[in-house]
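The numbers here are math on the coordinates, done by the rules we state, and not lab data. Since we're looking at a predicted model, the values are computed, not measured. Cβ coordinates were reconstructed from backbone atoms using ideal geometry, including for glycine residues, and neighbour counts include every protein chain displayed.
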Amino acid sequence: MSDAIQDEPPVLLDISPDGVALVILNRPEKKNAFDEFTIEALTDIFETLRVADGVRIVFLRGKGTSFCAGADLEWMQRQAHHDFEDNELDAQNLAKMLLALHRLPQLTVALVQGGAFGGGAGLVAACDYAIALSDARFCFSEVRLGLTPATISPYVIEAIGARQARALFATAMPFDAQRAHEIGLVQEIASDLDDLAKREERLADLAFCAAPGSVAEVKELVRDVSGKVIDMDLGHQTARRIAHRRASPEGKEGLAAFLEKRQPSWSQT
């Protein structure tokens, strides 16, 4: 491996002037498998994006032919020699990174090419939306190594449901993009890179039509309402949320723009 490759950061961040953020896993020689340095870099980038008011959409992709092969084997070998406390801290860092991604206020989109295995598939699940190339492949392979997909499990179960997660976790069965679409891990399948780029552009256009505060609150709404008993207590909570939105500057601007037959102030279309 050349010094130039070694010196490159494990994750790249590019933010366009109009507010499109592209987060790129930058270890193509490792099929973008992550280690402790990649996890730290992703966490820092997600924290930066969390407070980046001008960013409207975040795309996550891998450089080269793979999205993310999961955990780096050399990193796992290092961890095998550590004690329980060090391993727990290491796992907590991964959990912190996934939570930072999941709670970004912007729309987050995984663009999946090649393989998304183990923790790589977990990254897909932690995003709001995913587009996969038709030849993409997925697998939760942890049990083959005597491990479990513990840190990614909350996001995978949220994305595909408990029964599907149990089946795929316990068998480590590989599956293709079509199956990933059927179970809800990905929302769209692109036929080739050109098609992927068109779908990426379409999602960016949709993001720029949406009020950024509303997007952030919608994501929070789904987290808070999911799994709750549907009763009048939940009805009161949701009524307060929509009342808050109606009285917000975005809510007032959106209604005024609709009545005046103009684009709202946040729209860049």
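Summing Cβ point charges (Lys, Arg +1; Asp, Glu -1) relative to the Cα centre of the chain gives a dipole of roughly 1140 debye.
Here the Karplus relation 6.51 cos²θ - 1.76 cosθ + 1.60, evaluated at θ = phi - 60°, turns the backbone of the range 192-209 into coupling constants of 7, 5, 5, 5, 4, 4, 5, 5, 4, 5, 4, 5, 4, 4, 5, 4, 7, 8 Hz, with x for every Gly and Pro. Its relative contact order, with pairs defined as Cα atoms under 8 Å and 6+ residues apart, puts the range 148-218 at 21 percent. The value given for the range 3-207 is a Kirkwood hydrodynamic radius of 17.0 Å, derived from the mean inverse Cα-Cα separation.
When Leu60, Leu123, Leu133 are arranged by Cβ crowding within 10 Å, least crowded first, meaning fewest neighbours, the order is Leu133, Leu60, Leu123.
As a calculated quantity, the FRET efficiency between Met173 and Asp205 at R0 = 25 Å, using C-beta atoms, amounts to about 0.10. Here Lys30 is the anchor, and the lysines within straight C-alpha reach of less than 16 Å, apart from those fewer than 8 places off in the same chain, are Lys63. A full extension of the chain between Asp53 and Leu193 corresponds to an added length of 47.4 nm, given 0.36 nm per residue minus the alpha carbon distance. Taken along its principal axes, the alpha carbon cloud of the range 7-66 reaches lengths of 33, 22, 17 Å, longest axis first.
Once each of the trypsin sites (Lys or Arg not before Pro) sitting in a DSSP loop with at most 11 other beta-carbon atoms within 10 Å is removed, the chain keeps 1-227 as its longest stretch. Between Gln263 and Asp44, the FRET efficiency from the beta-carbon distance, with R0 = 41 Å, is close to 0.70.
Taking Cα pairs under 8 Å and at least six residues apart, what relative contact order does the chain come out at, in percent?
15
Only Lys, Arg, Asp and Glu carry charge here, each on its Cβ (+1 for the first two, -1 for the last two); on that basis the range 196-245 has a dipole of about 80 debye about its Cα centre. Between Asp86 and Glu29, the modelled label-to-label distance comes to 2.5 nm, taking each label 7 Å out from Cα in the direction of the beta carbon. In the range 3-207, a dipole from Cβ-located charges (positive for Lys and Arg, negative for Asp and Glu) runs towards its positive end, and of Cys127, Gly54, Thr43 it is Cys127 whose Cα lies farthest in that direction.
Structure shown: which of Lys96/Lys228; Lys31/Lys96; Lys198/Lys252; Lys31/Lys198; Lys228/Lys252 lie over 27 Å apart, alpha-carbon to alpha-carbon? Distance filter (> 27 Å) returns Lys198/Lys252; Lys228/Lys252. Of Ile242, Ile24, Ile189, the residue with the greatest mean-square motion in the GNM of the chain, using alpha carbon springs below 10 Å, is Ile242.
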